[in-house]
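Inspection log for the structure reproduced underneath, given as structure tokens.
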């Protein structure tokens, strides 16, 4: 019964996110399928953590959306998260739930936690860091760059990344405490969530500053992460590997978070 209630809650949440203009139909379907897999194979705690990520991320995406659109450009303002974007941030976590179904080891929950903490930390850092009163600086060079530049960081963004990672860890710790009727054996969760989320967000920024493909629109005089502008057509590649877009970077960073989660868990109980 609890699984049915959570599944219904997740479905209603996905529908509301679609109605608010944050997901395409394909994005909603991808989120629903991943949610059902995580919930059915991992359990209700796993499912609620995934729902927490989706709801908090989309809420922050809507926060001061018009202002962020003016700073980052029209494509950011108009975009909905599609199939590829949803999969990029949720596929690694879903994969750990599938693995857990066949081999119920707690270390796989640490991998799931690392992937979700990274995805949440990166989203919070992007959505709140863009509103920083100080110009962001490129991670690799330290020079000031326009808001929304791939690989740029701010103090506010780093603080938001830490908060996003801790949010996943805190929710996970709360749900595990409820499931186990006490916090015993779950004290590692917030710590690993914080460390994996921060490290994953920094890896995301590092890839964004070095090898992620970026494209320049001469009419807008701005750099974007997509090949095509909504109104100005195809854009010219300026740096990075043309085949490695933002979705690829998100996938790699969440995979990194999962691997770091495994290593930290083994170190904790080693």
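The values are calculated or read from the model by the stated rules, or taken from the named source; none is laboratory data. Remember, predicted model here, so these are calculated numbers, not experimental data. Every residue, glycine as well, gets a Cβ built from its backbone with ideal geometry; the counts of neighbours run over all protein chains shown.
All of 155, 171 fail the test of being modelled with pLDDT of 90 or more and more than 19 Å from residue 56 (Cβ to Cβ), apart from 155.
For the range 1-59: of the residues being surrounded by 20 or more Cβ atoms within 10 Å (Cβ to Cβ) and not in a helix (DSSP H, G or I), which is modelled with the highest pLDDT? So the residue we want is 43.
Residue-by-condition table, conditions (1) crowded, with 17+ Cβ neighbours inside 10 Å; (2) in contact (Cβ under 8 Å) with a residue 60 or more places away in the chain; (3) within 30 Å of residue 100 (Cα to Cα):
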residue: 123; (1), (2), (3): yes, yes, yes
residue: 126; (1), (2), (3): yes, no, no
residue: 135; (1), (2), (3): no, no, no
residue: 141; (1), (2), (3): no, yes, no
residue: 148; (1), (2), (3): yes, yes, no
residue: 153; (1), (2), (3): yes, no, no
residue: 161; (1), (2), (3): yes, no, yes
residue: 168; (1), (2), (3): yes, yes, yes
residue: 172; (1), (2), (3): yes, yes, yes
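Restricting attention to the range 203-239 and to residues that are surrounded by fewer than 20 Cβ atoms within 10 Å (Cβ to Cβ) and at pLDDT 70 or above, the residue that is farthest from residue 141 (Cα to Cα) turns out to be 219.
The test for being modelled with pLDDT under 95, more than 25 Å from residue 210 (Cα to Cα), in contact with a helix residue (DSSP H, G or I) (Cβ under 7 Å, 6 or more places away or on another chain) and outside any loop (DSSP other than H, G, I, E, B) holds for residue 179.
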